[in-house]
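Trainee: Here's a structure for you.
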Amino acid sequence: MVNIAVVGCGYWGPNLIRNFRSLSECRVKLVCDIDKDRLAHVRGLYPEVEATTEFDRVLEDAAIDAVAIVTPARFHFEMGKKSLQAGKHTFIEKPLACTGLECAQLIELAKNRNLTLMVGHTFVYSQPVRKIKEIIDCGSLGEIQYISARRLNLGLFQKDINVAWDLAPHDISIILHVMKEAPVSVNCQGKAHITPDIEDVTNITLNFANGGFATIHSSWLDPNKVREMTFVGTEKMLVYDDVEPMEKIRIYDKRVKTPPHYNTFAEFHYSYHYGDMHSPYLKQVEPLKVECEHFLDCIKTGATPHSSGIEGLKVVQILEAATKSLKNSGGRVKIS
Ligand SMILES: NC(=O)c1ccc[n+]([C@@H]2O[C@H](COP(=O)([O-])OP(=O)(O)OC[C@H]3O[C@@H](n4cnc5c(N)ncnc54)[C@H](O)[C@@H]3O)[C@@H](O)[C@H]2O)c1
């Protein structure tokens, strides 16, 4: 039985509490938030759970084996560091921290103390993303030519991070998970319309060594909720629409070929192929539940989580490069 404390009971924290509570291998012993109203809300739902406004109480409780940090990004590093130093297995919501250096320190701390460090890249645990990886790995899309990701909504505006740091970690972690290689450079443009200096619309381009690229459009300023990714392969195309209730993945047997040899312009013809569309069956499982189960499994077995500290670092390095590019009018920035 793993005793867990969940720190941060705002919008997302209660989802982690609900999922951890649903698992028989753990017990949510303690919840923590500086906001007494949020604690009262959680206590109203789960009266048996202890509550505190003091993070130190979480650290000092010897019965707590693991801590889930679900506070705003600017607190992730300090709280994560203290949690690991107190000997707790630590789950930190995305983004893992605000700089690559901070991520590296967390990774080192966890390694030295033999503790599990996991970041909340929830989509890596979702059935559609797992299916997309399977489809790409078996080669049925052909070579991936480009990926286009759009994650748009009206809000929720954050006060400490821009929309790229808020929403793009999802798309970046999905892209890193399904592609065999990591991008080598990044371009990013964006604009702050509502809160000064906090971009609410950004466009990131990830450039891969083989010439492939992915675009990630993130926005808090859009009339519609859109969570869509298109994977264009040389043989087939795949659209993943996470807002769609049933057919989240659609695979289109569509492609365009150019003739290998031609002598005159008159001989040149594009060859368009229009085939069937099919939507694979996906089990209905809450990704967050799979993620919570995986965290507990890694604690028990010592296995490295799929969304390990290293994966968190990779995403943060891309976001750091994107931030540099953003401040440099979208110029290309290499990823270290
Ligand atoms: N994986 C996902 O799909 C997903 C979805 C939404 C949010 N998130 C992540 O979850 C985290 C929290 O986001 P949110 O939308 O719930 O934010 P929120 O602002 O709604 O909630 C954060 C809570 O943390 C509390 N808090 C702040 N400082 C604290 C401290 N020092 N000690 C204890 N509590 C403190 C606040 O009072 C608040 O209740 C962010 O990192 C966000 O990126 C992840």
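The values are calculated or read from the model by the stated rules, or taken from the named source; none is laboratory data. Note that the structure is predicted; figures quoted are calculated from it, not measured. Cβ atoms come from the backbone with ideal geometry, glycine included; neighbour counts cover every protein chain shown. All accessible areas refer to the heavy atoms of the entire protein, side chains included, with ligands and DNA or RNA removed. Shrake-Rupley method; radii C 1.70, N 1.55, O 1.52, S 1.80 Å.
Trainee: For the pair residue 24/residue 276, report the inter-label distance in nm, with labels modelled 7 Å from Cα in the Cβ direction.
Mentor: 4.1
Trainee: Build a GNM of the chain with springs between Cα atoms under 10 Å: which of 237, 229, 277 gets the top mean-square fluctuation?
Mentor: Highest fluctuation among the options: 277.
Trainee: Here is a follow-up. Quick one: of 81/191; 159/248; 236/283; 225/334, which pairs are farther than 25 Å apart, Cα to Cα?
Mentor: The answer is 81/191; 159/248; 225/334.
Trainee: May I ask for the distance between the Cα centers of the stretch 73-101 and the stretch 226-300, given as a whole number of Å?
Mentor: Here the answer is 34 Å between Cα centres.
Trainee: How far is helix 36-45 tilted, in degrees, relative to the longest principal axis of the Cα atoms in the chain, given as a value from 0 to 90 rounded to the nearest 10?
Mentor: Once rounded, the angle reads 90 degrees.
Trainee: In degrees between 0 and 90, to the nearest 10, how far off the longest principal axis of the chain does helix 76-85 point, with axes built from Cα atoms?
Mentor: So the helix axis and the longest Cα principal axis differ by about 50 degrees.
Trainee: With a 1.4 Å probe and all protein chains left in place, how much of the accessible area of the chain comes from carbon and sulfur atoms, in whole percent?
Mentor: Reported share for carbon and sulfur atoms: 52 percent.
Trainee: Another question about this same structure. What accessible area per residue comes out for the chain, rounded to a whole number of Å², with a 1.4 Å probe?
Mentor: On the way: 16280 Å² over 336 residues.
Using a 1.4 Å probe on heavy atoms only, each residue of the chain averages 48 Å².
Trainee: Which of the GluC sites (Glu not before Pro) found in the stretch 117-220 are in a DSSP loop and have at most 16 neighbouring Cβ atoms, other than their own, within 10 Å?
Mentor: When the GluC sites (Glu not before Pro) of the stretch 117-220 are filtered for loop state and at most 16 Cβ neighbours within 10 Å, 143, 181 remain.
Trainee: If you add up the charges near residue 196, with Lys and Arg at +1 and Asp and Glu at -1, over every other residue whose beta carbon is less than 14 angstrom from its beta carbon, what do you get?
Mentor: -2
Trainee: So, in nm, how far is label residue 300 from label residue 194 when the simple model puts each one 7 Å beyond its Cα toward the Cβ?
Mentor: Once both label points are built, they end up 4.2 nm from each other.
Trainee: If you place +1 on the Cβ of every Lys and Arg, -1 on the Cβ of every Asp and Glu, and leave all else neutral, what size is the dipole of the stretch 195-278 about its Cα centre, to the nearest 20 Debye?
Mentor: For the stretch 195-278, the charge dipole is close to 380 debye.
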